[in-house]
């Protein structure tokens, strides 16, 4: 026998074995059902989930750039009182600084220029930058003790999205798609929405990529405008019947190639072609806001009428949640105020505050909040000292991984609480620290998954979203 033919046959048999054994999925019949194009019901623990899920879907409002916790959520009166004084050496300790402020001769403390007051029955402290957040304070759990090791944007956002600072791992949405499958046959399980026209740190498709998982688990980006998904619409002169005939011919060729190669990616390609065909009908329907009442646009703000804005994407996220899309990720750039922070953060808050709060209220009035987990936050926080010159009306803040604030609401989260605490300068966590891996472990738990058991064997090692870390944040669970 030709050695090359023998090698090909062995590789094909190995691929066939992996395909028939579930390709290393650690969720039993639920994940196997996903690989077969079927899904075990979310509440059926015996069907493969590790425990009863509290959430059926996730909407993740990622605020790229690092929102300044001291100016939004983490009220620090002493920081204001000591405005202009040097950051105490014992507070900084041995912590590293970025290259942008490490050579400053002075690190003057910068108190917030914005007023804080308590909101709701919970008494959560909120900046006057967030007037609409006051209306949802009793629905939200503020986690004020987040921390990470990553001090620069790319590794920090990659860690949040994939569990590693080094690119190449599957994203959170891909892991969930892999483990749980899809509920809606006509829309992807994982959809990504990026605010249009925003400056700031770049975003890469790998942040919602499949990594070493099958390509069918990657996120599908929807864009603003009349054609949300690239290359989905038929060109002029091609009707739906002709497109169907074309796909049938392509699928026949792919099936022939699969019979020769036994490569699961070929089957994934067939499935993606079929999904795209169904999306030609489902996407225009979900993206058409003409059936929304005027009260909806009043709640979200006038920006919701402009496709691609954060407000419009929040409204679209609710419509996708209604159709049981599993994981909806919104990205909003620009929270990177190294200088001119008062002006910059005021603009960012104006673009996001009303719509973020409206999403919670909208989900609630549609009966979706109880089983939809909503997440808000960025990749790290900002320093309590000013980057650059501190003046009477201006300051900037550098990257700060040691503590920052995020919030969660809905499916399985205790409402109206604040968890964790930072020191009086907002510089260090002093109580109930929450690492990125703890955060992701808790997200998976709320979806019915034990983060230690959702694994994939790749290059001889079993990988998981939380790597070899992660502890459940039990006090915030309802």
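Please treat every number below as a calculation from the coordinates, not as lab data. Predicted model only: the values in this text are computed from it and were never measured. Positions of Cβ are backbone-derived with ideal geometry, glycine not excepted, and every protein chain shown enters the neighbour counts.
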Only helices counted: for the chain, with every DSSP H run of 4 or more residues adding -39500 (n - 2.57) and the sum spread over all residues, [θ] at 222 nm is -10500 deg cm²/dmol
Ranked output for segments 357-364, 271-278, 121-128, 164-171 by mean other Cβ atoms within 10 Å, highest leading, reads 357-364, 164-171, 121-128, 271-278
In degrees rounded to 10, the 0-90 angle between helix 310-322 Cα long axis and the longest Cα principal axis of the chain is 50
For the chain the mean separation of alpha carbon contacts under 8 Å (6+ apart) over residue count, i.e. relative contact order in percent, is 28
Percent antiparallel among DSSP beta bridges confined to region 3-476, rounded to 5, stands at 45
Listed with the fewest Cβ neighbours within 10 Å leading, 100, 408, 299 appear as 100, 299, 408
For 457, 54, ascending order of other Cβ atoms within 10 Å (fewest first) is 457, 54
In degrees, nearest 10, the alpha-carbon axis of helix 341-365 is tilted away from the dominant principal axis of the alpha carbons of the chain by 50
For the chain, longest principal axis from Cα atoms; helix 264-287 axis from its Cα atoms; angle between them, nearest 10 degrees, is 60
